[in-house]
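The values are calculated or read from the model by the stated rules, or taken from the named source; none is laboratory data. Everything numeric here is computed off the predicted structure, so don't read it as measured data. Cβ placement follows ideal geometry from the backbone for every residue including glycine, while neighbour counts extend to all protein chains displayed. The area values use the complete protein model at the heavy-atom level, side chains included, leaving out ligands, DNA and RNA. Shrake-Rupley method; radii C 1.70, N 1.55, O 1.52, S 1.80 Å.
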Amino acid sequence: MAQTSVSKTREHREEHAISLRGTLASVFIMGIFLLLAWLGVFILFLARL
Amino acid sequence: MAEAQAAEVQSVRVDRPAARLSLAYVLSGFLAFGIAAIAGLLQGLDRGGMITLPKWLSYYAVLTTHGVYMGLVFTTFFIIGFFFSGVARTTGGSLPPAARRLGWFGWWMMVVGVIMATIEILAGNASVLYTFYAPMKASPYFYIGTALLVVGSWFGGYGVFSAYRAWKRNHPGKMSPLFTFMAVSTMALWQIATIGVAVEVVLQLIPWSFGWVPTINVLLSRMLLWYFGHPLVYFWLLPAYTMWYVNMPRIIGGKVFSDALARASFILFVLLSTPVGFHHQLLEPGIPPLWKFLHVMLTMMVVVPSLMTAFNMFAVFETAGRAKGATGLFGWFKKLPWNDVRFTAPIMGMIAFIPGGAGGIINAGYQMNEVVHNTIWVTGHFHLTVATTVAMTFFGIAYWLIPHLTGRRLTPAANKVGLAQAVIWATGMLLMSGSMHYMGLLGVPRRTAYTTYMNNPTALSWMPLEGTMALGGVLLFIAAMMMIGMVIYLTWFAPKGFQEYPIGEIGDTAEATPRILERWPVIISLAAVLILVAYAYPVIDTMQNAPPGAPGIKTW
């Protein structure tokens, strides 16, 4: 009985599963861009000290 | 059955009285936009060394006109008009009479205020630039005009609140429609933010400008200005975010990713966008470093809801693309409706917000601020955020909002002109804002007319970039005039018909929205606590240990 319930939940989840791999990759690319831009200006600050 | 219901929801039309009010605001906004674009062209060409303005027309008067009209008049009118239309659309198609009355009262007050301020700017009595920083002193009628503009916009907000209350009364226990919630949040943020500038203008600038008091506490006036100045940025951005969260999913044939995430991000903006003003004053003497540090920390926290919005939009696009059969990591990108101006103009704005946001994070850090402070980088930054992200989203909105309100249609030909307009605007901004950013890193100052600094070799080496900036300005002017042409066409000449007001449905996989996300007493109290933490001590300290008062200066 308990097993049926677990498998039903899994089925339910799979039914609603959507792939957001592209979203994950996109936010990472955006994050790296933010970081690089920040680092670039910080290096400029250090170079001008 | 579900499709029939969805079609019925999408066929709701904003009724005549609400459409007239909304249209009055939107068209006034575009009139201001056209005037600001002319001023922008003159300013860009003069600053780039392409033309010399006649003696009777000061560069700084033109700059003030461009900044005030673009940053305050166009945006405020457009935003209130857009919100009135969307609140009407999502609460049954009309606005309660009380909301309309408040809306019209606010509109008239704003129009009178703008006329007063304009007369003073054109008369050369108010070339105090867009930030009207003391101790530069303008005519008192300029300050009264801007105060009327702000107070008028409060009545626009009261109109939105009144429609929201009426809906809540008729739907006890229900969460409000997402668009209406976002309009209420933005106008609440606006009420909180404008307290600062209202206090500055009414209690400091106007008495000082009339000569009732001889001097002004400059530090306090700037604190009050930036208490308002940063949330002003979010007052511009949140209507664009509203479009992205609510309207965009419908335009691309997708669904709202998560109602709860959308509301949570707006609440974070209400909480965090005000107690951050000192990051505009990092090089201001008189503010202890600890307080600057606190504001910088809070500024970094207000990045979070923008990152949430970015995640949400990628998810909306990917989900819609995959539902249309997209495969691979980025296959969904190709499935987006790139030939539809209602989508293309706003997404260009979204893309611009990635470097725009990166620039914002750079500006807000103390060390990086020392690199870019008072350079033209900052001008480039807000031309990316406001003049690209926000403006292009507003253009995208106008292409369906205006025909919806006037009972006309966006034709395929008008759509093509719109696409060209968006591309020209984006290209112009890439050239102008790009060269501004680069020049800023070289140390080129902002807020200055054309100068070669007595033919200093370093300053002369900037000239090609100044020319690129002016070229970008010319492209922007062309795109602005195309936009004005489209506004006229869609208001009076496009074929009659029904243009859908796109409102996205909540996605099937979205979780239920927690009720805390609409508990206004909790949200507003928290916002007040944060503001007190960030501002109470520095403001009291600045008044008790005031710097020497400054008499007014006329620099032009």
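For the range B:41-98, which chymotrypsin sites (Phe, Trp or Tyr not before Pro) are both in a DSSP coil and crowded by at most 12 other Cβ atoms within 10 Å?
Answer in residue order: B:TRP56.
Calculate the FRET efficiency for B:ASN170 and B:ILE540 from the Cβ-Cβ distance with a Förster distance of 51 Å, rounded to the nearest 0.05.
For B:ASN170 and B:ILE540, the calculated efficiency is 0.70.
Can you give the direction-averaged projected area of the convex hull of the alpha-carbon atoms in the protein assembly as shown, in nm²?
30.0
Using DSSP to call loops (not H, G, I, E or B), can you name the chymotrypsin sites (Phe, Trp or Tyr not before Pro) in the range B:333-366 whose Cβ has at most 15 other Cβ atoms within 10 angstrom?
B:TRP338
Rounded to the nearest percent, how much of the accessible area of the protein assembly as shown (1.4 Å probe, protein heavy atoms only) is carbon and sulfur?
In the protein assembly as shown, the share of accessible area belonging to carbon and sulfur is 70 percent.
Along Cα→Cβ, 7 Å out, is where each label goes; now give me the distance between the ones at B:GLU370 and B:MET50 in nm to one decimal.
That separation, rounded to one decimal, is 3.7 nm.
Apply the Karplus curve 6.51 cos²θ - 1.76 cosθ + 1.60, θ = phi - 60°, to the phi angles in the range B:482-488 and return the couplings in whole Hz, x for Gly and Pro.
Going residue by residue, I get 4, 5, 4, x, 5, 4, 4 Hz, with x marking Gly and Pro.
Counting Lys +1, Arg +1, Asp -1, Glu -1, what net charge surrounds B:LEU465 among other residues with beta carbon under 15 Å of its beta carbon?
+1
In Å², rounded to the nearest 100, what is the total accessible surface buried by chains A and B against each other with a 1.4 Å probe?
Roughly 2200 Å².
Would you work out which of B:MET308, B:ILE524, B:LEU410 lies farthest towards the positive end of the dipole of the protein assembly as shown, given +1 charges on the beta-carbon of Lys and Arg and -1 on that of Asp and Glu, about the Cα centre?
Looking along the dipole axis, the top candidate is B:LEU410.
Which whole-angstrom value gives the distance between the alpha carbon centres of the range B:376-455 and the range B:158-227?
27
Can you work out the accessible area per residue across the range B:393-435, with the rest of the protein chains kept in place, probe 1.4 Å, in square angstrom?
Averaged over the residues of the range B:393-435, the accessible area is 28 Å².
Between A:PHE33 and B:PHE210, what's the calculated FRET efficiency when r is the beta-carbon distance and R0 is 51 Å? Round to 0.05.
E between A:PHE33 and B:PHE210, to the nearest 0.05, is 0.55.
Based solely on its DSSP helices, what 222 nm [θ] is calculated for the protein assembly as shown when runs of n ≥ 4 H residues each add -39,500 (n - 2.57) and the sum is averaged over all residues, nearest 500 deg cm²/dmol?
-23000 deg cm²/dmol
Would you please give the residues with an amide H less than 5 Å from that of B:ARG408, counting only those at least 5 places away or on a separate chain, with H modeled from the backbone geometry?
The answer is B:GLY497, B:GLN499.
Considering the zone a paramagnetic label at A:ALA25 would reach in this model (a point 7 Å from Cα along the Cα-to-Cβ line), which residues of the range B:281-320 have amide N under 13 Å from it?
Flagged as within label range: B:318.
If you place +1 on the Cβ of every Lys and Arg, -1 on the Cβ of every Asp and Glu, and leave all else neutral, what size is the dipole of the protein assembly as shown about its Cα centre, to the nearest 20 Debye?
With Lys and Arg at +1 and Asp and Glu at -1, about 840 debye.
Starting from the residue with the highest accessible area, list A:PHE33, B:PHE317 in decreasing order, probe 1.4 Å.
Highest to lowest solvent-accessible surface, that is A:PHE33, B:PHE317.
Of chain B, which part is the longest with no trypsin sites (Lys or Arg not before Pro) in a loop (DSSP not H, G, I, E, B) and with at most 13 other C-beta atoms within 10 angstrom?
B:175-518
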